[in-house]
Amino acid sequence: MRRDVFQAIADPTRRAIILLIALQAMTPNAIAQHFDTTRQAVSKHLRILTECQLVKQKQSGREIYYELNETRMKEIDKWLEQFRKIWESRFNELDKVLLTIKNKKK
């Protein structure tokens, strides 16, 4: 089953996991140490992130390491860029209006 990426990143714990493994690949136990929850709960979050292809697994000996899937994150960023441009344009227009109002008060 393929999960919706935006539902996955809506959860604050999963966003925190993404931030952790963005710095370096980590084992589930190492990730779980950063949270006040069970190892099983962290494993569930990792499974969801893996199903969304936001993180990927790498086997190293007996350990499994989770790392950020940069390609997938870039796809999401590219999709969000269209909205970023709209927001920036609107903020620029708002700045102009506020400046006009400020100048009229002088």
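Only Cα pairs under 8 Å and at least 6 apart count here; give the relative contact order of the chain as a rounded whole percent.
With pairs under 8 Å counted, the relative contact order is 25 percent.
Could you tell me, in Å, what Rg and Dmax come out for the Cα atoms of the chain?
19.9, 71
To the nearest 20 debye, what is the magnitude of the charge dipole of the stretch 1-68 about its Cα centre, counting +1 on the Cβ of each Lys and Arg and -1 on the Cβ of each Asp and Glu?
160 debye
Go through 48-59, 8-19 and give me the packing order, highest mean Cβ count within 10 Å leading.
Sorting 48-59, 8-19 by mean packing, highest first, produces 48-59, 8-19.
Relative to the compact globular guide of 2.2 N^0.38 Å, what is the alpha carbon radius of gyration of the stretch 4-47, as a ratio?
That ratio works out to 1.06.
Give the cross-link partners of K44 among the aspartates and glutamates, using a straight C-alpha distance below 17 Å as the criterion and excluding same-chain residues fewer than 8 apart.
Hits, sequence-local ones excluded: D4, D11, D36, E67.
Computed from the coordinates by the stated procedures, all read-outs in this text should not be read as laboratory data. A quick note: this is a predicted structure, and the numbers were derived from the prediction, not measured. Methodologically, a virtual Cβ is constructed for each residue, glycine included, from the backbone with ideal geometry; neighbour enumeration extends over all protein chains shown.
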